[in-house]
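The values are calculated or read from the model by the stated rules, or taken from the named source; none is laboratory data. The structure displayed is predicted, hence computed values, not measured ones. Here Cβ is always computed from backbone atoms with ideal geometry, including for glycine, and neighbour counts include all displayed protein chains. With ligands, DNA and RNA removed, areas are computed over all heavy atoms of the protein, side chains included. Shrake-Rupley method; radii C 1.70, N 1.55, O 1.52, S 1.80 Å.
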Amino acid sequence: MNLHQLRFVREAVRQNYNLTDAAKALFTSQPGVSKAIIELEEELGVDIFTRHGKRIRGLTEPGRLVLESVELIMQEIDSLKRIGKEYAAQDSGSFTIATTHTQARYTLPKVVQAFMQKFPKVRLSLLQGNPQQIADMVQRDQADLAIATESIASINGLITLPCYQWEHVVVVPPEHPLLKSKSITLEEIAAFPIITYDSAFAGRSKIDHAFTLRGLKLDVLLEAIDADVIKTYVELGMGIGIIAGMAFDAERDKNLRAISAGHLFGMNVSRVAVKQGAYLRSYIYTFIELLAPTLNRKLIEQAMSGEKDTYEL
């Protein structure tokens, strides 16, 4: 048994059981991958994969258990490599953050700026997607951490901690009749076409749920994946927008006005997530502390070790 065999098994699964694609991803030959897997199966005395002819089609029941062990072993090996790299270069390396557009556009700029001033030798990358996509990036080791709304808290294999709270706002053009309301209601909002986030983003489920509870039909004219698009169409007079409060800037959005809607849709929590069992370099802890000053390395390590199951704002 060797590490190459374990890598081949893991990559075969990641490439949807296509050994040719697995071989390309690992820069080796398809026959070599196939042979190594067969040799591992013979050594273990079980079939890891189901087959149709020479093609593998899926995992056997013992194969699923083998894959779980392989993932744990490879994760530990990756951690060992990171430990070596960290102590060889304490203040340099690469750091990849997976996040949503709203976080990248409105929350992270000042945090990233402060981080780069502390660690100018670190090569920082930002990857964007919806909450499920960025969670997958962390799980597949394509990113070191993810930042999104609380929806990522329910995804298996991730350790998540709260960063800060926020609420939705309704954005409208100047002189819009909703601005005359002392305390905006769901009934008033429902009278206008709505432009808001796609269902995968930024507390959209809370918006839908609030209207459903009141028996109101939400007339969603347009769904978008980021607030800039929503605000653009509101400025054109196509409807009213519902966006994350952090995405409204009175100085930049001079052609719009924001109305607080936290009393209608509740508070939301942005969270930072890391892979369970992952090894974090010291500057990643610093980044998290810059993002959420209420967190520190001790709290993060407690959460990752399972000593502290919950920490809420």
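A few notes on this one:
- Filtered residues of the range 259-273 (kept if open to solvent by 40 Å² or more (accessible area, probe 1.4 Å) and assigned to a strand (DSSP E or B)): Ser260, Met267
- Verdict on Ile242 being in contact with a helix residue (DSSP H, G or I) (Cβ under 8 Å, 6 or more places away or on another chain), part of a helix (DSSP H, G or I) and modelled with pLDDT of 95 or more: no
- Contacts under 6 angstrom Cβ, first residue in the range 34-50 being under 18 Å from Tyr17 (Cα atoms), partner surrounded by 13 or more Cβ atoms within 10 Å (Cβ to Cβ) and hydrophobic (A, V, I, L, M, F, W, C), 6 or more apart: Ser34/Leu19; Ala36/Phe8; Ile37/Phe8; Glu41/Ile48; Ile48/Val66; Phe49/Ile56
- Test set (1) under 17 Å from Ala98 (Cα atoms); (2) over 16 Å from the mean Cα position of the chain (by Cα); (3) modelled with pLDDT under 90 - Gln276 fails condition number: (2)
- Those residues of the range 166-175 which are open to solvent by 30 Å² or more (accessible area, probe 1.4 Å) and either touching a Phe, Trp or Tyr at 6+ places or on another chain (Cβ under 9 Å) or in the same structural domain as Ala148 (by the TED database) (or both), in sequence order: Glu167
- Condition met for Ile147 (hydrophobic (A, V, I, L, M, F, W, C) and assigned by the TED database to the domain that holds Gly262): no
- The helices (runs of 4 or more DSSP H) found wholly in the range 51-158 and carrying at least 1 residues that are more than 29 Å from Met1 (Cβ to Cβ), touching a residue at least 24 places away in the same chain (Cβ under 8 Å) and open to solvent by 30 Å² or more (accessible area, probe 1.4 Å) occupy 108-118, 131-139.
- Leu179 meets all of the listed conditions (1) out of contact with any Lys or Arg (no Cβ under 8 Å at 6 or more places or on another chain); (2) surrounded by fewer than 15 Cβ atoms within 10 Å (Cβ to Cβ); (3) in a helix (DSSP H, G or I) but one, namely (1).
- Any chance Gly277 is part of a loop (DSSP other than H, G, I, E, B), at positive phi and in the same structural domain as Glu289 (by the TED database): yes
- Of all residues in the range 180-219, those satisfying the criterion of being of a type in the set (Gly, Ala, Ser) and either under 15 Å from Ala261 (Cα atoms) or over 22 Å from the mean Cα position of the chain (by Cα) (or both) are Ser181, Ser183, Ala190, Ala191, Ala202, Gly203, Ser205, Ala210, Gly215.
- Flag if Ser205 is polar (S, T, N, Q) and assigned to a helix (DSSP H, G or I): yes
- Residues in the range 39-50 that are surrounded by fewer than 19 Cβ atoms within 10 Å (Cβ to Cβ) and part of a loop (DSSP other than H, G, I, E, B): Gly45, Val46, Asp47.
- Hits in the range 280-291 - residues which are open to solvent by 10 Å² or more (accessible area, probe 1.4 Å) and part of a loop (DSSP other than H, G, I, E, B): Arg281
- For the range 210-236, the candidate set comprises residues that are open to solvent by less than 60 Å² (accessible area, probe 1.4 Å) and in a loop (DSSP other than H, G, I, E, B); within that set, the residue that is nearest to Glu187 (Cα to Cα) is Leu216.
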